[in-house]
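J.: Structure provided below as structure tokens; questions to follow.
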Amino acid sequence: MIDCDFIPAHYHEQQALRRAVKIRAFCVGTMFVIMAIWIFVHHHRLSNAESMLSEIRLQKDQIRIHAAKRAAMKMEKARLHDRQQLIDQLSNHASLVLVYSDLSRRLPETVVLTKVSLKCPSLSAYVDKEEPESDALIPRANPRRAIVPEEDEIPEIIGNELTMTGIAVSQGDVIQFAAALEKSPLFDQVYMEAKDPTLWAGRRAQRFELVCELVPHDRN
């Protein structure tokens, strides 16, 4: 059976053109909607990224502040540690007043001390032992300013060491003096070394050297 179409051909062309325009308009509208959604999502992500960057900047500033506070607290801790060590050394070590007083009581009349020196490791650890090569090239340091070594470089404090040199009538007097120091609660590890005899006021005398450690005690 043959269908007969009495509709003009230009009408079919107009209908096809309208359908094509509608399809194109729908596609363009869909594309605009997709672009609008993408712009909205992208703008939202940019806003989140900017807020995160702001938080990161604030956290970075806080880290700088805390790092500066940590460095200041570390320096303060080191200063307080040194002060505490100094207080402990001044409060728990031997008093030279008591030491010399006990030494004068135990010194025999036949023994004369010519030199007394004290070696204090707790204080020598804070003294700079390096001397400048030339005074003209290197300026003098402030003598009141002690150079504090690092915590790992501070030697172990053993005790104050007292060295006494002198003369005696005989070697037996020196032994008696050393035995008297051994009995004292303020002296420990007394070491005696006899020197060559000498002449003192026209008489023969025995030279000696005594080295002992001072026992730490409560100064109160």
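J.: Net charge around Ala178, counting only other residues with Cβ within less than 12 Å of its Cβ (Lys, Arg = +1; Asp, Glu = -1)? If you can, show how the numbers build up before the last one.
T.: On the way: positive: Arg106, Lys183; negative: Asp173, Glu182, Glu193, Glu209.
It works out to a net charge of -2.
J.: Still on this structure, I have one more. Mind ranking 98-105, 8-15 by how tightly packed they are, going by the mean number of other C-beta atoms within 10 angstrom, highest first?
T.: Packing order, densest peptide first, comes out as 98-105, 8-15.
J.: Based on the mean of other beta carbon atoms within 10 Å per residue, what is the order of 188-199, 169-180, most packed first?
T.: 169-180, 188-199
J.: Okay, next question. For a test of the definition: using alpha carbon positions, the gyration tensor, and the 1.5 limit on a/c, classify the stretch 1-89 as rounded, prolate or oblate. Could you put the intermediate results ahead of the total?
T.: Working: a/c = 18.98, a/b = 9.15, b/c = 2.07.
Judged from the Cα gyration tensor, the stretch 1-89 comes out prolate (a/c at least 1.5, a/b above b/c).
The numbers here are math on the coordinates, done by the rules we state, and not lab data. Every value quoted in this text rests on a predicted model; they were computed, and no experiment measured them. Because the Cβ atoms are built from the backbone with ideal geometry, glycine has one as well, and the counts that use them run over all protein chains shown.
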